[in-house]
1. Quick test of the membrane-span-like rule: which DSSP H helices of the chain reach at least 18 Å along their long axis (C-alpha atoms) with mean Kyte hydropathy at least -1.0?
2. For segment 44-80, run through the trypsin sites (Lys or Arg not before Pro) and keep only the ones in DSSP coil with at most 14 other Cβ atoms within 10 Å of their Cβ.
3. Arrange 143, 303, 211 by Cβ neighbour counts within 10 Å, fewest through most, would you?
4. For the chain, what is the relative contact order in percent, using Cα pairs closer than 8 Å and at least 6 residues apart in sequence?
5. In the chain, once you exclude exposed GluC sites (Glu not before Pro) (DSSP loop, at most 16 other Cβ within 10 angstrom), what's the longest stretch remaining?
6. Give the calculated FRET efficiency between residue 413 and residue 392 to the nearest 0.05, with a Förster radius of 30 Å applied to their Cβ-Cβ distance.
7. Per-residue HN-Hα couplings for segment 68-78, Karplus 6.51 cos²θ - 1.76 cosθ + 1.60 at θ = phi - 60°, whole Hz, x for Gly and Pro?
8. Based on alpha-carbon centroids, what's the gap between segment 105-140 and segment 279-341 in Å, whole number please?
Amino acid sequence: MNLASKTLLAFLLFGLPMVHATSVSFKESSVTPEGDIRLVFAMDKVSLVNAYALDDPSRIVIDLKDVMLGEMKTVTIGPVQSLRGIQEPDLTRVVIDLNRSVYWKKPWQVKTQEGVLLILEMKNNQSSAKNIRDILVAIDAGHGGKDPGAVGKNILEKDVTRMIATELERTLRDTQGYQPIMIRTGDNFVNLDDRYQIAREKGADLFVSIHADGFRLSSVKGASVFVWSEEASSITADNLSKKVLATDPAVRSKIGKLDIRDFDEDAARALYEIAYEAKIENSTILANHILKYLKADPFTKMHKDQVEYADFRVLKSVDIPSVLVESGFISNPDDAKRLSGKPGRRMIARGIFLGLHDYFKEKPKPNTIMDNYQGFLVYEVQSGDVLSEIAIRFGVSVSEIIEWNKLGSNPIFPGQEIMVRI
Ligand SMILES: [Zn+2]
């Protein structure tokens, strides 16, 4: 960012306090029914949040954009020793000092009548050598409810996407260190804007939207992976593009008056340029990893060999790497057959999982299992699991799982933890 736009940003953030009269204040602390420690902060609107933990001394840091520092109180509860608020030129920092390392959850934002609550939880009884949290993956099953998506013979896109999403959810839920966030779980309608807003509210590390296309020509087939592109888009936010923003004073005041109750992703592209550029780069890396696995899978035929760019609205989060996977064309008989069966859908879910796992190997998130990754995942065996299915799920062989875990001929059992080297 050049000096002019930095100055402008400072002007936008601090020069118009009445317009941007938004702040973060400590609201309350409590112990949840599960015994976890909960800290609640009050804000006026949804913010761009970057939360991370540091060790020696142990602390959790929450960086908030476009929010002024409000009132912080002395808080001592569980491992929490104190709260500090720091006003930096381009962000507000809240530091939670801890007396030991904790297992914590990324803070999430809840909209209420009065404003937005920012909630941070950590385990009180579980100790860990380092501060650690789960990686949150938002899974967006395309369409749903009144919106069937593409309609094939005896097959609806909304059902295919939900079943693939559920498959992916299971793998993430039962693998230590990962946690799925389901944008929809049942056959319900969720509008496009709500989909990426949910990912923001929950603090997702990644967003994957799952679709299955339809086309008037039944010969068109195969899977593709998409990343958001501003160039490919027809968004009406052209007047917010960085060039105009930096030069046109009339546009400045217009932006200053923006009244957005929620987070405006289109405006955010101009405001948080660095975060947006990283998001596009990371989305492309993620998409290429997923594409690699879909290509390698003998079940799945590809529609396009390269990552594609489009203005799919669900992908436009300013800072959350987001991809859209078209798992095939249900208007094509071969694809419809593949996506009607569990093996075919599982291959899509597996490709997404292995792809995002490789992504986090390349771009490790601090305080997660992928930060200093030990080269294996731990999967918790579920009731009804068989080794051959677990092997397919992770793209390894049954004999490998037996060898890694020295299982011999012993049967597996629910709750057992299995090491998978991927
Ligand atoms: Zn679709």
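Every read-out reported here was derived from the displayed coordinates using simple, explicitly stated rules and does not represent laboratory data. Predicted, not measured: the structure shown is a model, and the values here were computed from it. All Cβ positions, even for glycine, are placed from backbone atoms using ideal geometry, and neighbour counts span all protein chains on display.
1. Long hydrophobic helices here: 157-173, 273-296, 342-362.
2. Values: sites: 45, 59, 65, 73; in loops: 45, 65, 73.
Filter output for segment 44-80: 73.
3. Result, fewest neighbours first: 303, 143, 211.
4. So the answer I get is 15 percent.
5. The segment 232-422 is the longest one with no such site.
6. 0.95
7. Whole-Hz 3J(HN,Hα) from phi for segment 68-78: 8, 6, x, 7, 10, 10, 6, 10, 10, 8, x.
8. 29
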